[in-house]
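What follows is a short report on a single structure.
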Amino acid sequence: MHQSFLEYVLADLTKKEMAIESLTFILPSKRSGTFLKKHISNTLTKNSFSPKILAIEDFVEDISGITSTSSIDLLIQLYAVYKASKTIASHDDFNTFLKWGQTLLQDFNEIDRYLIPAKDILNYLSAIKELNHWSLKKEKTTLIQNYLQLWGSLEHLYDSFTTHLIAQKKGYQGLIYRKANENLVSYCEANQIDSLVFIGFNALNTAESNIIQHFLTHTNSQIYWDIDSHFLEDTVHDAGLFIRDYKKLWPYYQDKNLAGAHNTFLSPKNVSVTGVPKSISQAKYVGEILRGIQSKSANGLKNTALVLADESLLNPILQAVPNEVNEVNITMGLPLNKTVLYSFFLSFLELNISNIGKRWFYKDVLEFLSNPYSVSISSSQQIDFAKEIPRDIKQNNRLHLSSKNLSKYVGASKILEVMFPLKPISSLQWVDNCLLLIQDLKKIFTEQKNAQELESLYRFYTLFNQLRTHLDSADFRPGLKSLKSLFKQLAVMETLDFIGEPLSGLQIMGMLESRNLDFETVILTSVNEGILPSGKSNNSFIPFDVKREYGLPTYKEKDAIYTYHFYRLIQRAKNIHIIYNTEPDVLEGGEKSRLISQLLTDTNFSKYVTHSIASPKVKISPTPVTEVSKSQLLLKDIATFADKGFSPTSLTNYIRNPLEFYKKNILKINDVPEVEETIAANTFGTIVHDSLEELYQPLINKILTLENTSNLTARIPEAVKTHFNKNLPGVDILKGKFLLVYNVVLKYLQNFIEQEIEQLENHQIKILGLEERFVVQLNIPELDFPIKLKGTLDRVDLIDGVTRIIDYKTGKVEPRNVKITDWQELISNYDKSKAFQLLCYAFLYSKKHNANLLQAGIYSFKNLSQGFLPFNSNGTNIDPDTLNTFEGYLKGIILEICNPNIPFTEKKV
């Protein structure tokens, strides 16, 4: 590899006979300082003290005399100043403030970093808002007055806020830079500053530029720029934009040369540009590259950097790093909002927000209790409530879990009081409860000796303590919803840092961590528009033209910064792998980056570049038909099932899909129990059936009259309520969707009874039976075990002397569903399942009662206007011939089920 930039700087200083141990080095980041120390130790020939090495922010903080403070502290202090402002009549609550407070802080930060008089730009901004406000009326409404008042008060807000911070010797980055500029002369007088070496800077804000120029002019200090002549001499190349300006505009360079320029970019390289679909494929592709490098040489990864342009790729990348790679150093932190522990606390917060009068919405409860950390806490208690509570919710269809439901879990009452507090709690109490849960988890993970989990816990422990301190000292108390916004913002900004050996093994880093560092092999991921460079996202209240007017950076300067980092990263490397996502996504960046297009079209460089698209191998293999062959054990299960009895539903399941019959009826694999937030079709049907049975029960063996049938109407509401409570004990039928469903059931039953009354005008009807269960032994000589057919008949009555079997259906049934012209369809077409069921009921009834002439049909509540829908083969009545024919087909289907040579084969539904 070429001499690295840091090695070049040390060599040049040695050549100039500078005593390295007496110098003070100022760098863009702490990370490059670690590498500089390593190179200094390699350069020194005798023992000596290490020179002073500082990151620019630490150096500027030292000059300013104020220290930086956390984002949360700044937000809370800004809100306190805003609330105390007398120039604003109507103040937003903390939750609303959070939506714009962070952006305002960023703008204050930029104004200070670029040393712009706050009075000028903030009043300019206020005047623009006054011009732009949306109302055309001369008289301003209260809403507009309040809106404009905030903009008119920005200067006062800025002055109060900065005065408030300086009094505490605290500040945000921009304020620290502004104060450092003001203190420059006094700082130099108080401290004998002589030999500073500024290394590897690029885009300097006005404050940094002033500070560096002051030391270059008034002390024996030097600055080294890491820039290739190829970009410096090109008048339009973005990679050299800032350094070209400094060379041209700084008085320092009127009689001095620019130190650090080199010619390495156009030296021979192996550059592969590869398009890979989606993020996970990128991670897997990187894993393959790492495996290849490792297999070629055991030391291959010691000088390799894996740079993630999109830092959210860290988790999948870590999963994809091959096991053969022993040493990995991760310089970037994992944002706390990407951890499972974050989801635990967020879910806990949602649970507390949803607490309405000692009741918690079941979804919030299930989500919280299914979290791995809830499971860990629960399993350490005397009673495993994380299993018991969800079971109780599902079995009893509880839409809300009440404190009464929780009182039975005595073995875990202490922890449940923390998780499900009886009274609505304040944000401070919630933080205290989180700290209690952390203590419980700490005990569990200490016993398990799980260092990784303990590290995550400690990070959240410090975050909650920080949050508690600020909430305790604040003049206001944000509610839980405001706390949620604050917690989410904090979790994005705070990171879980990795501990590793910074100077050995594979280096995984973000773009900014790569400053000043050079590697032989560089792997760069997510090189897409919108990610690298990051595009036009502009989180600021200051319009683009105002920024240009005042010399504030816009997205154009931001693009130039990332262009510089990109080219600086690859200029000295020998092997470069550039990977981009071929599937543009609005959220994950667009098409391949313009930086790739620049490389491919640069005639001096493109000869080193190969461009390809990689995609996973896609094999389209025919989907095998799922079959379950009938072993002796399965045949035994079928025989047991046959002895208990085939039901019409089980047989129609077989007609629909034999594999479904096998799973549902033989294996007894039922659907997973779920809470019915909106009523399920089968529960709806059960309520209708059971209500009708209760209503008509007193009329069994009686002839229906206008009087006794009309009396049923008054009893409908009570019967429906009873069966709602029986089938869905946890729901309130007086609220929401269930109130609507309750009224639908009432309407269905009222319509049915009205239709019954109409029929009584022309027909005599006598109820013979309701919900009567029939079991019949079938005679099938081919099988050597007993076969039964069983079924429950919803209603049997006599209409004008003819026995009629009625099946109630709450779904929609058309007349064609109960008519057959081709008997083969009966056992092959599921559309005829209603006809099949009716024939089963007729067959059962005729076997029990020797009835020769029957009617069987359906009342479909969804289209009651069609009335009774009778089974119809050739005529309305079912005669012995029809039943004999049906018996033949019934035996055929049972023989097929019991045939050891015919497997249960999946049928596409």
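Here, each number is a calculation from the coordinates, and none is a lab measurement. If you're wondering where the values come from, they're calculated on a predicted model, not measured in any experiment. All Cβ positions, even for glycine, are placed from backbone atoms using ideal geometry, and neighbour counts span all protein chains on display.
Side notes on the structure shown:
- Ranking of 462, 885, 525 by count of other Cβ atoms within 10 Å, fewest first: 462, 885, 525
- In units of the rule-of-thumb radius 2.2 N^0.38 Å, the range 770-844 shows an alpha carbon radius of gyration of 1.26.
- Computed lengthening from residue 71 to residue 546, 0.36 nm per intervening residue step minus Cα-Cα distance: 168.4 nm
- Using a Förster distance of 30 Å, the FRET efficiency for residue 620-residue 644 (Cβ separation, nearest 0.05): 0.10
- Using the Cβ-Cβ distance between residue 771 and residue 732 with R0 set to 30 Å, the FRET efficiency from 1/(1 + (r/R0)^6) comes to roughly 0.60.
- Mean residue ellipticity, 222 nm, helices only, the chain: the sum of -39500 (n - 2.57) across DSSP H runs of n ≥ 4, divided by residue count and rounded to 500, is -15500 deg cm²/dmol.
- Residues 625, 688 arranged by fewest to most Cβ contacts within 10 Å: 625, 688
- Antiparallel %, DSSP beta bridges [both residues in the chain], to 5: 40
- Taking 0.36 nm per residue of separation and subtracting the current Cα-Cα distance, fully stretching the chain between residue 217 and residue 462 would add 83.8 nm.
- Rg over Rh [alpha-carbon atoms, Kirkwood Rh] for the range 357-424: 0.91
- Amide H contacts under 5 Å for residue 260, placed H, 5+ residues apart: 225
- If you bin all the Cα-Cα distances of the range 708-848 at 10 Å, starting from zero, the percentages per bin are 9, 27, 33, 22, 8, 1.
- The calculated P(r) of the chain, using every Cα pair and 10 Å bins from 0, goes 2, 9, 13, 15, 15, 13, 11, 9, 7, 4, 2, 0, 0 in percent.
- Between 0 and 90 degrees, the angle of helix 451-473 with respect to the longest Cα principal axis of the chain falls at about 80 degrees.
- Size of charge dipole - the chain - debye, nearest 20, with Cβ of Lys, Arg +1 and Asp, Glu -1, no other charges: 760
- Calculated on the alpha-carbon coordinates, the convex hull of the range 333-375 measures out at 58 cubic angstrom per residue.
- Positive minus negative residues near residue 291 (Lys, Arg vs Asp, Glu; Cβ under 13 Å): 0
- Proxy reagent accessibility, fewest Cβ within 10 Å first, across 897, 20: 20, 897
- Summarising the label geometry, the points placed 7 Å from Cα in the beta-carbon direction at residue 830 and residue 185 lie 8.9 nm from one another.
- In plain terms, the chain from residue 428 to residue 602 could stretch by 56.7 nm, reckoned as 0.36 nm per residue minus the Cα-Cα distance.
- Within the shell defined by Cβ-Cβ distances under 12 Å, the residues around residue 640 carry a net charge of +2, with Lys and Arg each +1 and Asp and Glu each -1.
- Altogether, the Stokes-Einstein calculation at 4 °C and 1.567 mPa s, with the Kirkwood radius of the range 472-615 over Cα pairs as Rh, returns a diffusion coefficient of 69 µm²/s.
- Orientation-averaged projected area, Cα convex hull of the range 222-356 (nm²): 15.0
- For the pair residue 387 and residue 326, a Förster radius of 41 Å applied to the C-beta separation gives a FRET efficiency near 0.55, rounded to the nearest 0.05.
- Label-to-label distance for residue 555 and residue 901 is 7.3 nm, based on points extended 7 Å past Cα in the beta-carbon direction.
- As a ratio to 2.2 N^0.38 Å, the alpha-carbon radius of gyration for the range 485-535 is 1.49.
- Protection proxy ranking, peptides 265-275, 788-798, 594-604, average beta carbon neighbours within 10 Å, highest first: 788-798, 265-275, 594-604
- Global size of the range 409-497: 14.4, 42 Å for Rg and Dmax (C-alpha atoms, Rg to one decimal, Dmax whole).
- All-pairs Cα distance distribution in the range 792-909, expressed in whole percent, bin size 5 Å: 2, 11, 21, 22, 19, 13, 7, 4, 1, 0
- In the range 632-905, the alpha-carbon atoms span a convex hull of 134 Å³ per residue.
- Cα Rg over Rh - the range 168-229, Kirkwood: 1.01
- For the range 534-613, the normalised intensity computed at q = 0.12 Å⁻¹ comes to -0.49 (log10 of I(q)/I(0), Debye sum over alpha carbons, equal scatterers, no solvent).
- Neighbours of residue 692, meaning other residues whose beta-carbon lies under 10 angstrom from its beta-carbon, give a summed charge of -4 when Lys and Arg score +1 and Asp and Glu score -1.
- Across the range 562-701, the convex hull enclosing all Cα atoms gives 281 Å³ per residue.
- The range 296-452: translational diffusion in µm²/s, Stokes-Einstein, Kirkwood Rh over Cα pairs, 10 °C, 1.306 mPa s: 87
- Compactness of the range 263-304, expressed as Rg and Dmax over alpha-carbon positions, Å: 13.1, 37
- Rounded to the nearest whole Hz, the Karplus-based 3J(HN,Hα) values (6.51 cos²θ - 1.76 cosθ + 1.60, θ = phi - 60°) of the range 739-752 follow the sequence 5, 5, 4, 4, 5, 5, 4, 4, 5, 4, 5, 4, 4, 5, with x at glycine and proline.
- Interchain or long-range residues, amide H under 5 Å from residue 611's placed H: 273
- The loop-placed GluC sites (Glu not before Pro) in the range 1-31, going by DSSP, that have at most 13 neighbouring Cβ atoms within 10 Å of their Cβ come out as 17.
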